[in-house]
Amino acid sequence: MTSAVSAPSATPTSPARGLVCRACGAEYPLAAQHACYECFGPLEVAYDQAALARVTRADIESGPQNIWRYAALLPTGQDPAQRVTLNPGMTPLVAAPALASAIGLQAPLYVKDDSANPTHSFKDRVVSVALTAARGLGFNRFACASTGNLANSVAAHAARVGAPSIVFIPYDLEQGKVITTAVYGGDLVAIEGSYDDVNRLCGELVETDEFEDTAFVNVNVRPFYAEGSKTLGYEVAEQLGWRIPAQVVIPMASGELLTKIDKAFSELVEIGLATAPADGWTVFGAQSEGCNPIATALHRGTDEIIPVKPTGIAKSLNIGDPAAGAYAIEAVRRTGGWMDYANDEEIRAGIRLLAETTGVFAETAGGTTVAVLQKLVAAGKLDPSKETVVYNTGEGLKTIDAVAEQVGPTYQIKPSLRGAREAGLLG
Ligand SMILES: *Cc1c(COP(=O)(O)O)cnc(C)c1O
Ligand SMILES: [Zn+2]
């Protein structure tokens, strides 16, 4: 007797072709490797261009309302059953006319509001891609070195799939980042040092036998992690009707997000899915004054990043030795953009201005980006007559102390008409 085994319904395969060194171009197979054996340069995912070129707008538009609609443009996650994910993405692109007029922009301005993700920051995108790749590579414990939001997201993703997690943070993070990580029940290790100390320790732990089965999302599976950020470029283009905006303003910690939004725009144009403005798009980067090594290098006219010891309230951006800094500078220079930084008072004002003009309550990273947008317009670096998108990457409730002393009830009154009258509410 013969039995015909029916072929499983075809799952589309990954368009990724391997890992390639960003510095020397050496190629490696897809694996948990982040540095080049030849030159120690960082690796990134390389794609089969022909596979990318087969993707159509209709394929994407018929996909789910989350990042996985772009699975055919990502290195992993083509099979829904294999995903480790909270299904982030398709966050609102908010038209911001009142913010535009407050800062002197005539062209349309939009806020891409990634505080709407499941753990309230853009990190859910990178974690979903990194952990899906990690599980495919056989890892069964999930870890990261985090400035806060990454910790939230890794712990939540691990909880969703019932996997153990161990996340490492600097000991002095905001309560709103610590509690929103610890609540998911994995191990949370507070390190008596800066993020850069945390990251260095994770780089050492990953080499030990005890951590052999552990995927550190931003260390050994970093090339996959970084690709998740591309979805913030794809989505904005799709939400604008498959157009690349003329100008984008992006917060920078390692600088990776900025480089990947630019990469996403390039890919969409190359494969014919989106149209770019006639004179291309321009990328701008935002840092805080307390941690501005990338912007400072650009201002000095070099791409040599001098590490700093971070200070200031924009803790999610406090990476003093940014891994992708030189690549962020390259993208900004190539597209004719600029970078700037904001001090703590300007960041607080940026949070409030964004909230008052758009109804979006951002964390300090968003306040930083809005403050820098304002500076770029005032300095004539950003063209007020061109369509602009500003990225809000995190949620104000996680860094509530930033504005806690500046806002509160407008009035406190007795519960009576007389109370209302005495306060002047009845004229
Ligand atoms: C991590 C983070 C960033 C920056 O990410 P990089 O890719 O390291 O530059 C921006 N905003 C928020 C809220 C973040 O948590
Ligand atoms: Zn190399």
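Values quoted throughout were computed directly from the atomic coordinates according to the rules given, and no laboratory measurement underlies them. Since we're looking at a predicted model, the values are computed, not measured. Counting neighbours? That spans all protein chains shown, and the Cβs are built from the backbone with ideal geometry, glycine included.
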- Item | Residues whose placed amide H lies under 5 Å from that of Thr282, excluding near-sequence neighbours | Gln247, Val248
- How large is the helix-only mean residue ellipticity at 222 nm for the chain, computed as the sum of -39500 (n - 2.57) over DSSP H runs with n ≥ 4, divided by its residue count, in deg cm²/dmol to the nearest 500? -10500 deg cm²/dmol
- Taking the simple approach of a point 7 Å from Cα along Cα-to-Cβ for both Ile413 and Arg54, what is their distance in nm? 6.7 nm
- Item | For the stretch 82-96, 3J(HN,Hα) per residue [Karplus equation, 6.51 cos²θ - 1.76 cosθ + 1.60, θ = phi - 60°, Hz, x = Gly/Pro] | 9, 6, 10, 7, 9, 6, x, x, 6, 7, x, 9, 9, 5, 10
- With Rh as the Kirkwood radius over Cα pairs, the stretch 284-326 has Rg/Rh of 0.92
- Extension length gain for Arg300 and Ser266 (0.36 nm per residue less Cα distance), in nm, is 9.5 nm
- What nm distance separates the two modelled labels at Ala26 and Ala423, each placed 7 Å from Cα along Cα→Cβ? 6.8 nm
- Message: Per-residue counts of other Cβ atoms within 10 Å, averaged by peptide: what ranking do you get for 101-113, 133-145, highest first?
- Response: 133-145, 101-113
- Measuring from the longest principal axis of the C-alpha atoms of the chain, the long axis of helix 364-378 (C-alpha) lies at a number of degrees, nearest 10, equal to 70 degrees
- Ranked by how many other beta carbons lie within 10 Å on average, peptides 294-302, 51-59 from highest: 294-302, 51-59
- Relative contact order (%) - criterion: Cα under 8 Å, at least six apart; region: the stretch 28-133: 22 percent
- Would you please put 248-256, 192-200, 322-330 in order of how densely packed they are, using the mean number of other Cβ atoms within 10 angstrom per residue and starting with the highest? 248-256, 322-330, 192-200
- Using the alpha-carbon atoms, what tilt in degrees (0 to 90, nearest 10) does helix 123-136 show relative to the longest principal axis of the chain? 20 degrees
- Simple spin-label estimate for Ile400/Ala278, 7 Å along Cα→Cβ, in nm, reads 5.1 nm
- Under 5 Å, built H, 5+ apart or other chain: amide partners of Ala342: Gln287, Ser288, Glu289
- Note, ³J(HN,Hα) from phi for the stretch 221-232, Karplus 6.51, -1.76, 1.60, rounded to Hz, x at Gly and Pro: 10, 4, x, 6, 3, 4, 5, x, 5, 4, 5, 6
- Note on the structure: From the Cα centre of the stretch 94-167 to that of the stretch 349-427, the distance in Å is 22 Å
